[in-house]
Amino acid sequence: MKKDLKKTHREPAVLFLLIIFPIVLTIIFGFAFGGIGGGGTTSFDVGLLNLDATSPQAEWSMAFIDNLTDSEVFVVHAYEDNTTGQSALLQGNLDAFIVIPEGFGDSIVSYYGSPIDPSSWTNTTIGLYVDSGSMIAVSAVPPLVQQVLMNTVFGSDAMTLNLPIEISSPALVESSTFSQWDFMAPGIFAFASIFLTMIVAQSMTYERDEGLLKRLRTTPVSSADYMVSQTLTYMIIATVQVALVLASSFAIGYRPATGPAGIAFTFVIALAFSLVAVGFGLIAAAISKSAEVSTGVSFAFIMPQMFFGTFMPLGGLTEVIGKFMPSKYLTDAVTTLFLRGAPITTPVIWTNLAIVSILGFLLVGVGIVLFEKFGSR
Amino acid sequence: MSESAITITNLTKRFGDIIAVDDLSLEIGWGELFGILGPNGAGKSTAVNILNTLLEPTNGSATVDGHDVVFSPESVREVIGVCPQEPAFYPHLTGRENITLMGDMHLVPKDVLGSRVSSMVEKIGMEDHIDRKAKEYSGGMIRRVSMLMALVNDPKIALLDEPTVAMDPKSRRAVWDYIRELKMQGKAIILTTHYMEEAQELCDRVAIIDEGKLIAIGSPTDLMETHQAKNLEEVFLKLTGKKLREDV
């Protein structure tokens, strides 16, 4: 383990890739994406709780729901209570959650009773909670919901007028302070560790080609001991990477919406992800004939994880592909903590951790077997 | 401690259709410095790699300090020190760190390791360079460090595969002195070499191998007398009709 750590800080290329690169990336991206940007998506999953469903004026709330559905921008999922809907939103299963308040229909009827006398209106507020972990949802959902509301009240001749109904947007108010960097920061944690794959592959093929592995195999230390030691080394490096990315993020003003427990969880899931990276590295080493070839082979594992599992915008097919990328589960968990501000008890982050850990152990196991069988000769 | 340091019985190793070692039988005693001579591709390194557990024989058996190389490889690795033909080392580590790493791999106690490394380095004349990174070393320095890496665990049996290739005469003499000292300590040493003067100077007995077969065995003096040759090179020439070192 000691020799690998020494190699890391004595080899300029390795030092750059594992330590300097994540810091540089954090700082450059942090400054580059300080302003909120846009994006595009075809539809949003919206949870809906209708508290006005049993009122005599329920036809208005039903019309609002129909308009949401007909807009083809929203996929509406009905919820029976506020807690379940909020929980789904917090875990990233919904882009937004809308609560139609009691008296919603009465408000519209009161408006039509006296359109020019606001003092006689019955005022209500639609609850709108947007997934603050989704830059696209934060930007697009509130105006779209507003537009649907206007269509519901005024029909296709919707105008910008005063209404007895407001749309609350607590998540929007909070999100409006987010920069694009806030949305990208969680992906950086995975991005930094992904390159461990290349370092492991190069290191293992180099040691094989130079006869070092053979030499070590004539000592009492078993191959398993050696591989475990290598894996532990890279887990230490992953811990350092997380600490550096966090420190440099803090230095440029980033403040994640989580506490010490969330930070600790990030270290744990990053460690689990380092197993994934080491596993891919061993597999790359097993199928590479030289250290040079292993660099190219490593990128076959690195690139898809970069594009589909870190901070790149996902939607449609890329989102489906992303589900097969271990890095996406790390990014999702950190997004849930850092952007959505979900508590540490949120089930989805533990599911993400379980997925990353299982994949990590599995890939390291497969990597060791393949390297022993095909790569270490 | 077993009666013989190394016992090789009808050892054969095939790689496909190629027979690298062909029905080799040898017995090497404690305190014996045993040379294996032969041209490139004769099967010397293959035989050594079977003894150091990197390769398994196709047929036959070998025991090292009484431990079978196939059935008890872990026990074999505890008593051997291996200096490979191609010096394998970590270039970003210093010479001392490379040697210490091998000591760690052999589970040498920490309190012993540091002083042992310093003592070995002094004997081999590397004390002025040992704390430089290995990638800055000359070929001869790397060979010397590689040999110390093999011997840092104070092995009962040393397997030295061409340890003095590319060394200047002074360094080679230092290594020879070191090997003699190991022999005096009662260790069994197998030395494969291209250098006939090295074998004549150091070895108690030598085995001459060609195309995997043992073609002669005995002390250098006996072999030269028996075959009425001036040196071992000539012995080989008389036995096989070809030169021992085509490349030199």
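Observations on the structure shown:
Let's see how each residue does on (1) in contact (Cβ under 8 Å) with a residue 40 or more places away in the chain; (2) facing chain A (nearest Cβ under 9 Å); (3) surrounded by fewer than 21 Cβ atoms within 10 Å (Cβ to Cβ):
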{"residue": "B:Phe71", "(1), (2), (3)": "no, no, yes"}
{"residue": "B:His92", "(1), (2), (3)": "yes, yes, yes"}
{"residue": "B:Arg96", "(1), (2), (3)": "no, no, no"}
{"residue": "B:Met149", "(1), (2), (3)": "yes, yes, no"}
{"residue": "B:Arg173", "(1), (2), (3)": "no, no, yes"}
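- Residue in the range B:15-25 that is under 23 Å from B:Leu148 (Cα atoms) and not in a strand (DSSP E or B) present: no
Rundown of residues vs (1) at pLDDT 85 or above; (2) in the same structural domain as A:Phe280 (by TED's automatic domain parsing); (3) of a type in the set (S, T, N, Q), yes/no style:
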residue	(1), (2), (3)
A:Pro313	no, yes, no
A:Leu317	no, yes, no
A:Asp332	yes, yes, no
A:Thr336	no, yes, yes
A:Thr346	no, yes, yes
A:Asn352	yes, yes, yes
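- Here A:Tyr112 fulfils each of the conditions (1) more than 20 Å from A:Pro186 (Cβ to Cβ); (2) under 20 Å from the mean Cα position of the chain (by Cα); (3) not in a strand (DSSP E or B) apart from (2).
- Residues of the range A:94-150 satisfying the condition of being more than 25 Å from A:Thr54 (Cα to Cα), surrounded by fewer than 19 Cβ atoms within 10 Å (Cβ to Cβ) and modelled with pLDDT of 85 or more: none
- Restricting attention to the range B:66-84, the residues that are in a loop (DSSP other than H, G, I, E, B) and either in contact with a Gly (Cβ under 7 Å, 6 or more places away or on another chain) or closer than 22 Å to B:Asp104 by Cα (or both) total 2.
- In this entry, B:Pro109 is excluded by the filter for residues that are within 22 Å of the chain's Cα centre (by Cα) and within 14 Å of chain A (Cβ to nearest Cβ).
- For the range B:39-55, taking the residues that are among the polar types (S, T, N, Q) and assigned to a loop (DSSP other than H, G, I, E, B), the one that is farthest from the other protein chains (Cβ to nearest Cβ) is identified as B:Asn40.
- Boolean, B:Ala62 is touching an Asp or Glu at 6+ places or on another chain (Cβ under 7 Å), of a type in the set (A, V, I, L, M) and outside any helix (DSSP H, G or I): no
- Residue match in the range B:93-101 (condition: farther than 20 Å from A:Thr219 by Cβ and not in a loop (DSSP other than H, G, I, E, B)): no
- Failed item in (1) within 23 Å of A:Leu89 (Cβ to Cβ); (2) surrounded by fewer than 16 Cβ atoms within 10 Å (Cβ to Cβ); (3) modelled with pLDDT under 90, with A:Ser290 passing the rest: (1)
- Members of the range B:135-170 that are over 19 Å from B:Arg116 (Cα atoms), in a helix (DSSP H, G or I) and small (Gly, Ala, Ser): B:Gly139, B:Gly140
- Any hit, the range B:123-132, residues being within 14 Å of chain A (Cβ to nearest Cβ), touching a helix residue (DSSP H, G or I) at 6+ places or on another chain (Cβ under 9 Å) and surrounded by fewer than 23 Cβ atoms within 10 Å (Cβ to Cβ): yes
- Of all residues in the range A:79-92, those satisfying the criterion of being at pLDDT 85 or above and either touching a Pro at 6+ places or on another chain (Cβ under 9 Å) or surrounded by 15 or more Cβ atoms within 10 Å (Cβ to Cβ) (or both) are A:Tyr79, A:Asn82, A:Gly85, A:Gln86, A:Ser87, A:Ala88, A:Leu89.
- Taken together, B:Leu37, B:Leu24, B:Leu33, B:Leu54 contain a single residue that is touching a Phe, Trp or Tyr at 6+ places or on another chain (Cβ under 8 Å) and buried (at least 16 other Cβ atoms within 10 Å of the Cβ), which is B:Leu37.
- Among the residues of the range B:196-217, the one identified as modelled with pLDDT of 90 or more, surrounded by fewer than 17 Cβ atoms within 10 Å (Cβ to Cβ) and touching a helix residue (DSSP H, G or I) at 6+ places or on another chain (Cβ under 7 Å) is B:Ile215.
- A:Tyr234 surrounded by 18 or more Cβ atoms within 10 Å (Cβ to Cβ), more than 17 Å from the chain's Cα centre (by Cα) and closer than 19 Å to A:Leu353 by Cα: yes
- The requirement of being out of contact with any Cys (no Cβ under 9 Å at 6 or more places or on another chain), of a type outside the set (Ser, Thr, Tyr), surrounded by fewer than 19 Cβ atoms within 10 Å (Cβ to Cβ) and not assigned by TED's automatic domain parsing to the domain that holds A:Ser87 is fulfilled nowhere in the range A:269-284; no residue meets it.
- So B:Glu78, is it among the acidic types (Asp, Glu) and within 14 Å of another protein chain (Cβ to nearest Cβ): yes
- Residue identified as surrounded by fewer than 19 Cβ atoms within 10 Å (Cβ to Cβ), more than 10 Å from chain A (Cβ to nearest Cβ) and not small (Gly, Ala, Ser) among B:Glu86, B:Glu136: B:Glu136
- Members of the range A:213-228 that are modelled with pLDDT of 85 or more and more than 10 Å from every other protein chain (Cβ to nearest Cβ): A:Val228
The values are calculated or read from the model by the stated rules, or taken from the named source; none is laboratory data. These numbers come from a predicted model, not from an experiment. Every residue, glycine as well, gets a Cβ built from its backbone with ideal geometry; the counts of neighbours run over all protein chains shown.
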